[in-house]
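Visitor: Here it is: the structure, laid out below.
The values are calculated or read from the model by the stated rules, or taken from the named source; none is laboratory data. What you see is a predicted model; the values in this text were computed from it and never measured. Heads up, the Cβs are rebuilt from the backbone with ideal geometry, glycines too, and the neighbour counts pull from every protein chain shown. Note: accessible area is taken over every heavy atom of the protein model, side chains too, but ligands, DNA and RNA are not part of it. Shrake-Rupley method; radii C 1.70, N 1.55, O 1.52, S 1.80 Å.
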Amino acid sequence: MTAQTADPTSDTPPGHHAGGHPQRWLILGVICLAQLTVLLDNTILNVAIPSLTEEMHASTADVQWMINAYSLVQSGLLLTAGNAADRYGRKKMLVAGLALFGIGSLAASLAQGPGQLIAARAGMGIGGALLMTTTLAVVVQIFEEGERPKAIGLWGAVSSLGFAAGPLIGGSLLEHFWWGSIFLINLPVALLGLAAVVWLVPESKNPTGDRPDVVGAVLSTIGMTGVVFAIISGPGHGWTSQRVLLSAFVGVAVLTGFALWERRIPYPMLDMHFFRDRRFVGAVAGGILVAFGMSGSLFLLTQHLQFVLGYDPLGAGLRTAPLALMIVVLNLSGVGARLLAKLGTPATILCGMGLLALGLTLIATLGADGYGGMLLGLLVMGAGIAVAMPAMATAIMSAIPPEKAGVGAGVNGTLAEFGNGLGVAVLGAVLNSRFGALLPAAAAGAGSLPAAYAAAHTDEDRAAVTDAFASGVQTSQLVGSAAVLAGGVLTAVLLRRAERSSQETAAA
């Protein structure tokens with residue numbers, strides 16, 4: 001086996017032929033390993049919060065920044081990282097991402113105070129942004145169109161596996177080692193990934209050699225950071241607080257400036273003409289709403305499991321794992337890819353989002369008083385996500401020219417982050433509104449469930465508080481279900497119209 005080399009002016013990987021790259025499945029395994037490392041770090045730190053608070057004497061604000069520095073930097077750089085991968089080479093950016101992620105992980109494990117750990121996590125976020133965009137872009141480059149949905153499905157399964165495994169791996173490590181072990185575990189994976197990427201992954205980049213869009217990169221990074229910071233800060237500081245409103249205003253204003261700038265320059269980082277493509281708009285809308293439904297429902301479920309059904313944090317985490325495991329099983333078995341080939345993109349996405357909406361409805365109606373009904377809803381939700389997500393990622397990437405695959409992956413990651421934050425914000429607001437309206441007089445005005453319990457002095461009042469919270473969760477899940485179903489119909493209609501327009505154009 002020899003290392004792959006590439007013609008620097010070509011976007012076609014070396015060794016490419018009619019069936020795709022000859023080592024494409026091995027390469028997919030390598031980049032999925034890199035992807036898994038990044039995604040584990042989105043959730044693994046949560047279980048270490050008590051240890052960090054005690055050993056570093058970290059304040060609540062310090063802990064929030066330890067968690068959020070990673071996602072904030074990663075989200076803000078996704079579009080810029082995707083553009084850099086297209087321009088300078090996806091393999092180069094994959095290597096750089098793994099190296100930065102490994103170095104940041106080592107620095108995090110050796111941190112002596114909150115400030116050092118926050119800085120290390122921000123560095124890891126830079127590496128994570130490069131990895132998140134280049135892994136999907138490489139999949140698009142090495143797989144032919146017929147195999148691409150299956151490959152993207154496997155790539156998506158790794159995302160779900162990372163979500164499910166993060167808290168479990170973190171909890172296991174903390175049982176036997178000190179908190180820094182949750183970062184040190186990244187090092188052997190990063191080193192193995194580096195060696196495999198250098199040896200196996202072919203280089204590819206945009207053959208047109210567009211000039212770098214420095215202004216666009218700065219504007220997109222500032223704008224995305226502002227919006228994501230507002231979403232992250234909203235639940236803790238209040239959606240009408242000065243911090244949240246100012247951050248949101250700056251983010252939206254700068255992103256508006258970014259869109260105007262991209263329309264007027266000849267070498268845009270993100271070609272705004274993509275938004276004229278109904279396939280692209282439909283897939284973007286669907287992707288946001290799938291992330292909206294999944295993250296918003298999980299935000300509600302973890303609270304319901306702990307506050308209403310009485311499970312501890314680890315028990316609650318274990319009981320949400322069937323959702324992710326269903327996604328992994330169905331994607332590994334290729335169910336989504338087979339449905340996509342049989343039904344077409346619009347019908348597949350409608351089917352998946354319909355199942356996701358049904359799962360949310362089952363959780364709302366059957367899971368209020370016990371875990372049995374909730375488990376059924378989680379499994380149906382997982383089936384829906386496994387069917388819809390690969391089809392939407394395929395639709396987004398097929399609507400963008402191959403030479404812009406990195407930007408396409410950046411858009412895919414950005415809309416997922418936006419949908420995640422939107423789901424927590426909207427469904428959390430519905431929960432709080434319903435909960436506040438149903439509280440008994442003794443606990444009226446309490447802003448949270450613990451505060452309401454503290455104000456309730458009789459068993460009858462405490463039971464009423466629990467019922468009010470359960471009713472708020474149920475209403476929120478039903479709102480999420482309706483939004484996801486509406487999004488599925490909208491996405492399917494837009495994609496079907498796009499297909500008809502393409503067929504009419506070809507016939508003419």
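Visitor: With respect to residue 424, determine if the residue is in a helix (DSSP H, G or I) and modelled with pLDDT of 75 or more.
Guide: When the stated conditions are applied, residue 424 does not pass them.
Residues are listed down the side, and each one gets a yes or a no for (1) of a type outside the set (Val, Ile, Thr); (2) modelled with pLDDT of 75 or more:
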| site | (1), (2) |
| --- | --- |
| 280 | yes, yes |
| 303 | yes, no |
| 309 | yes, yes |
| 322 | yes, yes |
| 327 | no, yes |
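Visitor: Another question, then. Which count do you get for residues in the stretch 192-214 that are at pLDDT 80 or above, within 26 Å of the chain's Cα centre (by Cα) and open to solvent by 10 Å² or more (accessible area, probe 1.4 Å)?
Guide: 3
Visitor: Can you run down the residue pairs with Cβ atoms below 8 Å, 6 or more apart or on separate chains, where the first is in the stretch 185-201 and over 19 Å from residue 25 (Cα atoms) and the partner is among the β-branched types (Val, Ile, Thr)?
Guide: 185/169; 186/37; 190/37
Visitor: Among the residues of the stretch 131-148 satisfying the criterion of being open to solvent by 20 Å² or more (accessible area, probe 1.4 Å) and part of a helix (DSSP H, G or I), which is modelled with the highest pLDDT?
Guide: Among residues in the stretch 131-148 that are open to solvent by 20 Å² or more (accessible area, probe 1.4 Å) and part of a helix (DSSP H, G or I), the one modelled with the highest pLDDT is 132.
Visitor: Residues that are at pLDDT 80 or above and of a type in the set (Lys, Arg), at least 1 per element: which helices (runs of 4 or more DSSP H) completely within the stretch 29-113 meet that?
Guide: 90-109
Visitor: Are any residues in the stretch 411-424 in contact with a Phe, Trp or Tyr (Cβ under 7 Å, 6 or more places away or on another chain) and either charged (D, E, K, R) or open to solvent by less than 30 Å² (accessible area, probe 1.4 Å) (or both), and if so, which ones?
Guide: Answer for the stretch 411-424, where residues must be in contact with a Phe, Trp or Tyr (Cβ under 7 Å, 6 or more places away or on another chain) and either charged (D, E, K, R) or open to solvent by less than 30 Å² (accessible area, probe 1.4 Å) (or both): 419, 423.
Visitor: Here's another thing I want to ask about it. Of the residues in the stretch 167-183, how many are under 20 Å from residue 63 (Cβ atoms), aliphatic (A, V, I, L, M) and under 24 Å from the mean Cα position of the chain (by Cα)?
Guide: 2
Visitor: State all residues of the stretch 307-356 that are small (Gly, Ala, Ser) and within 30 Å of residue 493 (Cβ to Cβ); if no residue qualifies, say none.
Guide: If the condition is that a residue be small (Gly, Ala, Ser) and within 30 Å of residue 493 (Cβ to Cβ), then 324, 333, 334, 336, 337, 341, 344, 347, 352, 354 are the ones that fit.
Visitor: Hey, another quick one. Yes or no: residue 161 more than 23 Å from residue 399 (Cα to Cα), in contact (Cβ under 8 Å) with a residue 40 or more places away in the chain and open to solvent by 40 Å² or more (accessible area, probe 1.4 Å)?
Guide: When the stated conditions are applied, residue 161 passes them.
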